[in-house]
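See structure below.
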Amino acid sequence: MSTQTTDLRIGMVGYAFMGTAHSQAWRTVNRVFDLPLHARMTAVSGRDPGKVAAAAAQLGWQEHTTDWRSLIARDDIDLIDVCTPGDSHAEIAIAALAAGKHVLCEKPLANTIDEARAMAAAAARAAAGGVRAMCGFNYRRVPAVALMRRLIADGRLGEIRHVRAVYLQDWITDPQFPLVWRLQKDRAGSGALGDIGAHIIDLTQYVTGRRITGVSALTETFVKERPQAAGGLGTVTVDDAALFVARLDGGAIATYEATRFATGRKNGLRVEINGSRGSVVFDFERMNELEFYDAALPSDEQGFSRILVTEPDHPYVAAWWPPGHLIGYEHSFTHQARDLIEAIATGGPITPSFADALQVQLVLDAVERSAALGSWSEVEPALTGIAV
Ligand SMILES: NC(=O)c1ccc[n+]([C@@H]2O[C@H](COP(=O)([O-])OP(=O)(O)OC[C@H]3O[C@@H](n4cnc5c(N)ncnc54)[C@H](O)[C@@H]3O)[C@@H](O)[C@H]2O)c1
């Protein structure tokens, strides 16, 4: 028996890759999870009238508009879902929060730390009136990742010593691949670093409960000019790859690698964590599994075991299928929508908050500073300078 009593009316900005993934989540979430609020797909906005009309019909939105500000002005919209490139996150999210709308904003939170600070401050101000803001680091919501966090929080790994994280893609290895927005600093903020490096920064900090305090980094742009839509070549203004070593509070040391030039690797997000009592390994391309080494077992029983994370007592799983019936990429967005609705309805903690996402932004900034200077960079404390 459903306990749904009230609607959560959503206005979404942007309808392409993430807009499609978020639409799938909003369509599905109340059919799978029993929640106190019912997601209503009230209106979607985009810049092209024909395309946004077609997207609304295909994705299941009741109305469409070419003006995102009109979504914020409406009384019958409760939440603004920001699925646009980073150069518009701050403007849309801050306007929405000021109008008393809850906000879900895609990652990375912003293109600069100034924007991210302003967004975290806007979220802090809005929180006083019960308005909630979440950043879309969806990989937190993969059941195996949530299980990894639970094992670490329960002390099963002991003291964390090593974090080893890579996020490997290969979609721009061809030098003829065009100069899309993701390769332009003014639109994307940074390249592989902010796009996929941000995910492994957030994921590893989330599962360990530890923050990166300082980094030493190296970035590279292998292909410096690419074909432009308007003709001719344009300059690539972001990194193609970013590598860094880091210290976490609590004493662990870490390595991170984010690249769009790992030929053959499509979405290779892999994290290994070694502690004094055990290790865990997660590989997104086998996202229903978690490898666990328990050093507390008798030595003749030790070895990495493969946990199939499909049991009802695994995070999020009970709502889905019988054990062994696997889930996929899109489920992480449905889980994200579930957690957001739950937090809005109950007033419970919201993670990752804009303050959490600001902290990731400060790590991205430290990586860029370190790569530019060729020296160690401390990560600025997240709360410095947030005017609430
Ligand atoms: N969580 C994830 O795993 C994940 C994956 C991919 C992208 N993202 C993030 O999602 C955001 C969007 O990326 P995407 O892959 O969906 O991009 P995309 O290019 O597929 O879609 C962008 C959408 O935004 C619209 N748009 C662009 N500028 C706009 C503006 N000024 N006003 C209104 N609409 C505008 C475009 O028309 C398009 O519909 C980025 O912040 C990106 O980093 C997150």
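Every number here is computed from the coordinates shown, using simple stated rules; none is lab data. Please read all numbers here as calculations on a predicted model, not as lab measurements. Here Cβ is always computed from backbone atoms with ideal geometry, including for glycine, and neighbour counts include all displayed protein chains.
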Positive-pole candidate from Leu183, Thr66, Val145, dipole of the chain, charges at beta carbon: Thr66
Per-selection Kirkwood Rh - the chain (Cα, Å, 1 d.p.): 21.6 Å
Karplus-derived HN-Hα couplings along the stretch 270-280 (A = 6.51, B = -1.76, C = 1.60, θ = phi - 60°), whole Hz, x at Gly and Pro: 9, 10, 10, 10, 10, x, 5, 10, x, 9, 9
Chain lengthening between Arg161 and Asp67 when straightened (0.36 nm per residue, less Cα-Cα): 28.9 nm
Net charge contributed by nearby residues that have their C-beta within less than 9 Å of Lys107 (K/R +1, D/E -1): -3
Reachable lysines, given that their alpha-carbon falls under 28 Å from the alpha-carbon of Lys101 and they are not under 8 places away in the same chain: Lys51
Residue-averaged [θ]222 nm for the chain, counting only DSSP H segments that reach four residues, each worth -39500 (n - 2.57): -10000 deg cm²/dmol
Glu220 paired with Leu233, simple spin-label distance in nm, labels 7 Å along Cα-to-beta-carbon: 1.9 nm
Principal semi-axes in Å for the stretch 332-374 [√(5λ), Cα gyration tensor, largest first]: 32, 11, 4
Ranked packing of 142-152, 331-341, most packed first, by mean Cβ within 10 Å: 331-341, 142-152
Net +/- balance of residues flanking Gly209 in space, Cβ distance below 13 Å, scoring K and R +1, D and E -1: 0
Pairwise centroid distance, computed over Cα atoms, of the stretch 230-304 with the stretch 137-155, Å: 14 Å
Normalised alpha carbon radius of gyration of the stretch 204-361 [divisor 2.2 N^0.38 Å]: 1.32
Local electrostatic count, Pro227, Cβ distance below 15 Å [Lys/Arg +1, Asp/Glu -1]: +1
